[in-house]
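Enquirer: Here you go, one structure.
The values are calculated or read from the model by the stated rules, or taken from the named source; none is laboratory data. Small disclaimer: the values here were computed from a predicted structure and weren't measured. Heads up, the Cβs are rebuilt from the backbone with ideal geometry, glycines too, and the neighbour counts pull from every protein chain shown. SASA here: full protein model, heavy atoms, side chains in, ligands and nucleic acids out. Shrake-Rupley method; radii C 1.70, N 1.55, O 1.52, S 1.80 Å.
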Amino acid sequence: MAGQIEAAAEKLRAYLRELKPGARALLIGELERGLLHGTSPVGAELVLSELRRSLREGQSQAARFGDPARLFFQPLEPFLVDDVPDHKHRGRIARSALEPLWHWVGNTLIPAETKAYVAQVEHALMAGDTESAAAQAGDFQDLVAVRIAQMLEGSDDKERRRLNVQLGSSRALDDVKSLRGILACRVGLATIGAQLPGHITVLTGAVLDSVKAQLDAPATAKSDLFLYSLVLVMSKLAAPWQLLRLATKAAQSDTAKRIAETPYSVVVQIVLEEVDRRVRELAADLKSGRGIAVSALLKEVHDAMRGLRSELDLPSESPWGKQLSTLRAEVSRILTAEIELMPGRVRRLVRPRPAKEIVQGSKLDPDEVTETEALIGFVATCRNYASELAINEVTQRTFGELQQFLESGTRTLLESLRGSTAGERIFRQSQVDAAVRFCAKVFSPEYASTLAKAAGIASHDHERKVATRA
């Protein structure tokens, strides 16, 4: 079952990578709209996550592995995160660390064995013998896990510093330990994964009881398998913060003190690290200007922070409480900076301009208009989450400024269009068209429709005047 799920996920990734940019944008828009309104289909979060990842891969030099490396890393898929290697992810590995790890295994850890493994797998796949290739990969995974364990037993500070240089990360030792742990536990993880639902929308009731029973089994609870099983469960959750419910159920309490006394205390740290990753992902997407489903990502961050506060009793002075407060302050800082940019961008595009500033036949940059429209939509979404994310004041003030500017400015734009010369008309029409799109986001589609009709009348009046003069 686990293999079938992973195969289906890989097909989904391949399909999304092949979509044209326009189709991808439409899909993102529809899925994001459904998530924000609570009408999204099952698995929409997974699809949006893969879309964000595929777009980032298109912007970066993503590693392209051959079949032997892909087979070797296959058990790691549920534990990979799209982040830089230097950030801490308990029980997980940054996807960008795979290429350095593969080179380290093949060049330093077991070079002769790696060369033989690659040759054997390629030969098996050329003959169409996928079972043999999978068996070769399993044997090689066992060998790598054993050799890493041996290496770690005899390593010292000098060896660890060398490892950091070889893998290009300050967390190289953690990545190597995670690689060993996942490979060593892969059979147990596959067994647990096969018993879990493919996608868990809500972790409550019988599903929660079943998952906890599996995690409490002796073979799981007293080994590295416990940590990786928790991460595996989180990878199947529609809302990763729901993993906290395992901790509160184990402690029979939502207090930090009681939870800290159970093996499930690690759950809180896993979730906090996941929220931290999403916050940095949100900051990067906003900075890039790509607008990759940022509203849906913002909702995930908001829901996770609200979940942490509602599921757990975290005193503000406790270590976990301080981490949550730091994350909340960081989100507020990121969003405030972005929100405060919005009125200026709108003014720059649709402020009424004197004729001397308009180049004949020019018009607004369509990409800039689209980006600004997306930013307005994003700020509108921020209003829904303003209280939890500590941005109430800035969103209210900014939206008030924008409403006032558009209400007064659009009338001037219409008059400018009505009285424009032939050389100005294209530019002024592009300003009016942009204002219509912005008003749909700020006020309503009905308001924008009325404005568009008024613009049509103004354009008709202009054409009639030109015809009369002719």
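Enquirer: About its Cα centre, how strong a charge dipole does the chain have in debye, to the nearest 20, once Lys and Arg get +1 and Asp and Glu get -1 at the Cβ?
Expert: Numbers: 62 positive and 60 negative charges, 306 e Å.
Dipole about the Cα centre, nearest 20: 1480 debye.
Enquirer: Can you give me the long-range amide H partners of Asp313? Hydrogens built in the peptide plane at 1.01 Å from N, cutoff under 5 Å, separation of 5 or more residues or another chain.
Expert: Sorted by chain and number, the residues that satisfy this are Thr255, Ala256.
Enquirer: With contacts defined as alpha carbon pairs under 8 Å and 6 or more residues apart, what's the relative contact order of the chain in percent? Before the final figure, lay out the partial values.
Expert: On the way: 466 pairs, mean separation 54.9, N = 470.
Reported as a whole number, the value is 12 percent.
Enquirer: When the Kirkwood radius is taken over all Cα pairs of the stretch 88-181, what Stokes-Einstein diffusion coefficient follows at 25 °C and 0.890 mPa s, in µm²/s? Could the numbers behind the result be given before it?
Expert: Details: Rh = 14.2 Å.
Translational D for this selection: 173 µm²/s.
Enquirer: Sticking with this structure for a sec: Fully extended, how many nm does the chain gain between Ser387 and Ser325 (0.36 nm per residue separation, minus their Cα-Cα distance)? It would help to have the intermediate numbers written out before the result.
Expert: On the way: separation 62, 0.36 × 62 = 22.32 nm, distance 1.39 nm.
Taking Ser387 through Ser325 to full extension adds about 20.9 nm, to one decimal.
Enquirer: At what distance in nm do the modelled label points of Gln74 and Ala127 sit from each other, each positioned 7 Å from its Cα along Cα→Cβ?
Expert: The modelled label-to-label distance comes out at 1.8 nm.
Enquirer: Give me the number: length gained by fully extending Phe443 to Asp139, i.e. 0.36 nm times residue separation minus the C-alpha to C-alpha distance, one decimal in nm. Intermediate values should be presented prior to the final figure.
Expert: Details: separation 304, 0.36 × 304 = 109.44 nm, distance 6.22 nm.
Length gained between Phe443 and Asp139: 103.2 nm.
Enquirer: While we're looking at this one, here's another question. Evaluate the distance, in nm, between pseudo-label points positioned 7 Å from the Cα of Ala194 and of Lys88 along their respective Cα→Cβ axes.
Expert: A separation of 3.6 nm, rounded to one decimal place.
Enquirer: Taking all protein chains in place and a 1.4 Å probe, what share, in percent, of the accessible surface of the stretch 331-470 do carbon and sulfur account for? Intermediate values should be presented prior to the final figure.
Expert: Details: 3660 of 7090 Å².
The computed percentage sits at 52.
Enquirer: Accessible surface of Val144 in the full protein assembly, 1.4 angstrom probe, to the nearest 10 Å²?
Expert: 0
Enquirer: Still on this structure, please answer the following. Leaving out ligands and nucleic acids, and using a 1.4 Å probe, what accessible area per residue does the chain come to in Å²? The partial results should precede the final answer.
Expert: Numbers: 22950 Å² over 470 residues.
The answer is 49 Å² per residue.
Enquirer: Starting from the Cα gyration tensor of the stretch 235-277, take the square roots of the eigenvalues, sort them a ≥ b ≥ c, and report rounded, prolate or oblate (rounded when a/c is under 1.5, otherwise prolate if a/b is larger than b/c, else oblate).
Expert: Details: a/c = 2.47, a/b = 1.64, b/c = 1.50.
The shape class here is prolate.
Enquirer: How long, wide and thick is the chain, going by the Cα atoms along their three principal axes, in whole angstroms, largest first?
Expert: 90, 56, 44
Enquirer: Amide H of Leu237: which non-local residues (sequence gap of 5 or more, or other chain) have their own amide H closer than 5 Å, using H built in the peptide plane?
Expert: Result for Leu237 returns Ile200.
Enquirer: With all protein chains present, how much of the accessible area of the stretch 166-241 (probe radius 1.4 Å) comes from carbon and sulfur, to the nearest whole percent?
Expert: Working: 1720 of 2960 Å².
C and S fraction of accessible area: 58 percent.
Enquirer: Would you compute, from DSSP H runs of 4+ residues alone, the mean residue ellipticity of the chain at 222 nm, taking -39500 (n - 2.57) per run and dividing by the full residue count, rounded to the nearest 500?
Expert: Working: 22 runs with 344 residues, N = 470.
Result for the chain, helices only: -24000 deg cm²/dmol.
Enquirer: If you take the square roots of the eigenvalues of the alpha-carbon gyration tensor of the stretch 352-449 and sort them as a ≥ b ≥ c, do you get rounded (a/c under 1.5), prolate (a/b over b/c) or oblate?
Expert: Details: a/c = 2.61, a/b = 2.27, b/c = 1.15.
Prolate.
Enquirer: When a/c reaches 1.5 or more, the comparison of a/b and b/c decides; with that in mind, is the stretch 125-168 rounded, prolate or oblate per its Cα gyration tensor? Display every interim value, and only then the final one.
Expert: Working: a/c = 7.30, a/b = 2.50, b/c = 2.93.
Oblate.
Enquirer: Using 0.36 nm per residue, how much length does the chain from Thr450 to Arg353 gain when fully extended, once their Cα-Cα distance is taken away?
Expert: 32.6 nm
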